[in-house]
Amino acid sequence: MAKNALSDIKHSLDAYVGQRITLRANGGRRKMVERTGVLEETYPSVFIVKLDEEQETSKRVSYSYADILTETVEISLFHEGNEPQLFT
């Protein structure tokens, strides 16, 4: 059952490749880290986000679909002219 849930999450994220998202991730010790970037790529086990950085170097982070399933990572999707909506 968990395998189907992970597959469903991946297929749902496939539709948003190339779009801006906001990530809220558990930073440890009761800290939540919030970052904004572009969903760059989805792979069978992980997805890659290219973060918006003010520096010239681009930074990428990857998370597994299990992170979304266990709510370690929350994703909000940007829609045209609207506030970001939580990905579920």
Treating the beta-carbon of each Lys and Arg as +1 and of each Asp and Glu as -1, no other charges, what is the dipole magnitude of the range 2-81 about its Cα centre, to the nearest 20 debye?
-> 360 debye
Charge tally in the Cβ shell below 11 Å around E41, where Lys, Arg are +1 and Asp, Glu are -1, E41 excluded = 0
Sort all Cα-Cα distances of the range 2-81 into consecutive 5 angstrom bins from zero, then give the percent of pairs in each bin up to the one containing the longest distance.
-> 3, 15, 26, 26, 17, 10, 3, 1
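Bear in mind these aren't lab numbers, they're just calculated from the coordinates by the rules spelled out. These figures come from a predicted structure and were not determined experimentally. Reconstructed Cβ throughout: ideal geometry from the backbone, glycine too, with neighbour counts over all protein chains shown.
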